[in-house]
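The values are calculated or read from the model by the stated rules, or taken from the named source; none is laboratory data. Given the structure is predicted, the values throughout are model-derived calculations rather than measurements. Note that we place each Cβ from the backbone using ideal geometry, even for glycine, and neighbour counts take in every protein chain shown.
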Amino acid sequence: MIHVFEKEAPTLEKAQELVGGLVEMVRSPIDTEIQVLVNEEGLLKGMPFNKEATELCGTGIVGDAVILKGSAKWT
């Protein structure tokens, strides 16, 4: 599943809730205008493959992902 934020950034706590644990930011080589937040331990936890997030990122993503765009991006 993908959760998209465009206007207001989620708090760290909200992002952790959405990805199910520790948050890691993945940069997309396909779309440099977005930030992708995933579970840092997703592979270790055996989270399911996320086809939609993988297509956005150009790299294998597992588990839920949070997409940050525009003014919702973290600095």
> Taking the range 2-12, which residues are surrounded by 11 or more Cβ atoms within 10 Å (Cβ to Cβ) and either under 10 Å from the mean Cα position of the chain (by Cα) or closer than 12 Å to Ala72 by Cβ (or both)?
Replying inline: Ile2, His3, Val4, Phe5, Glu6, Ala9, Pro10
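Here's the yes/no breakdown for (1) in contact with a Ser or Thr (Cβ under 6 Å, 6 or more places away or on another chain); (2) β-branched (Val, Ile, Thr):
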{"site": "Glu6", "(1), (2)": "no, no"}
{"site": "Ala9", "(1), (2)": "no, no"}
{"site": "Leu22", "(1), (2)": "no, no"}
{"site": "Lys51", "(1), (2)": "no, no"}
{"site": "Cys57", "(1), (2)": "yes, no"}
{"site": "Gly60", "(1), (2)": "yes, no"}
{"site": "Ile67", "(1), (2)": "no, yes"}
{"site": "Ser71", "(1), (2)": "no, no"}
{"site": "Thr75", "(1), (2)": "no, yes"}
> Counting just the residues of the range 35-74 that are in contact (Cβ under 8 Å) with a residue 60 or more places away in the chain and of a type in the set (A, V, I, L, M), which one comes out farthest from Phe5 (Cα to Cα)?
Replying inline: Ala65
>> Looking only at residues that are at pLDDT 95 or above, assigned to a strand (DSSP E or B) and not aliphatic (A, V, I, L, M) in the range 13-64, which one is surrounded by the fewest Cβ atoms within 10 Å (Cβ to Cβ)?
In response: Phe49
